[in-house]
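Asker: I'd like to ask some things about the structure below.
The values are calculated or read from the model by the stated rules, or taken from the named source; none is laboratory data. Computed from a prediction, not measured in an experiment: that's the story for all the values here. With ideal geometry, Cβ positions are generated from the backbone for all residues, glycine too; neighbour counts draw on all protein chains shown.
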Amino acid sequence: MAAAPLSDIEIHRELGTLPGWSRRGNALVKGFAFPDFMAGIAWVRQVAEAAESRDHHPDLDIRYTKITVTLSTHSAGGITVKDFELARAIDALPVGR
């Protein structure tokens, strides 16, 4: 069963529980900084594993030591519970190892 898009109120409420994440249109966005390029790449690998295990895949923009994560449920046309679940999983990953 496909996830349904959340309402604006639901999205605002959930964003209040996720420091650093913001809404850009129909997506959640957060930037992460790393001490060096390889630390960021190692972290991306962890993000990929978390995403794959949830069958929900983010857009990742890698710019040397800065990585921007964008989450949206394209099949639902917006932000769903799946996006918030993956955002929480990403936040739980160690940064800078």
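Asker: Any idea how many residues of region 1-14 are touching a residue at least 12 places away in the same chain (Cβ under 8 Å) and either surrounded by 11 or more Cβ atoms within 10 Å (Cβ to Cβ) or of a type in the set (Ser, Thr, Tyr) (or both)?
Answerer: Residues meeting the conditions: 6.
Asker: Which residue out of Leu93, Leu86, Leu60 is touching a Pro at 6+ places or on another chain (Cβ under 9 Å) and modelled with pLDDT of 95 or more?
Answerer: On inspection, the qualifying residue turns out to be Leu86.
Asker: Identify, by number, the condition in (1) touching a strand residue (DSSP E or B) at 6+ places or on another chain (Cβ under 7 Å); (2) more than 23 Å from Thr17 (Cα to Cα); (3) loosely packed, with under 13 Cβ neighbours inside 10 Å that Pro35 doesn't meet.
Answerer: Status for Pro35: all satisfied but (1).
Asker: Okay, next question. Checking the conditions here, which among Thr80, Thr73, Thr65 is among the β-branched types (Val, Ile, Thr), out of contact with any Asp or Glu (no Cβ under 8 Å at 6 or more places or on another chain), touching a residue at least 24 places away in the same chain (Cβ under 8 Å) and surrounded by 13 or more Cβ atoms within 10 Å (Cβ to Cβ)?
Answerer: Going through Thr80, Thr73, Thr65 in turn, the sole match is Thr80.
Asker: While we're here: Based on what the data block shows, is Ala89 surrounded by 14 or more Cβ atoms within 10 Å (Cβ to Cβ) and either outside any strand (DSSP E or B) or on the phi > 0 side of the Ramachandran plot (or both)? Show your work before the answer.
Answerer: Values: surrounded by 14 or more Cβ atoms within 10 Å (Cβ to Cβ): yes; either outside any strand (DSSP E or B) or on the phi > 0 side of the Ramachandran plot (or both): yes.
Taking the combined requirement at face value, the residue satisfies it.
Asker: Leu15: out of contact with any Asp or Glu (no Cβ under 6 Å at 6 or more places or on another chain) and more than 20 Å from Thr65 (Cβ to Cβ), yes or no?
Answerer: So Leu15 passes the test.
Asker: Of all the residues that make up region 24-48, how many are touching a residue at least 12 places away in the same chain (Cβ under 8 Å) and either assigned to a helix (DSSP H, G or I) or within 11 Å of the chain's Cα centre (by Cα) (or both)?
Answerer: The total comes to 15.
Asker: Let me ask something else about it. Just the residues that are over 16 Å from Lys30 (Cα atoms) and touching a strand residue (DSSP E or B) at 6+ places or on another chain (Cβ under 8 Å), please, taken from region 42-79.
Answerer: Of everything in region 42-79, just one residue is over 16 Å from Lys30 (Cα atoms) and touching a strand residue (DSSP E or B) at 6+ places or on another chain (Cβ under 8 Å), namely His56.
Asker: Assuming Thr17 fulfils every condition listed in (1) surrounded by 12 or more Cβ atoms within 10 Å (Cβ to Cβ); (2) outside any helix (DSSP H, G or I); (3) without any contact (Cβ under 8 Å) to a residue 60 or more places away in the chain apart from one, which condition is it?
Answerer: The one condition Thr17 does not meet is (1).
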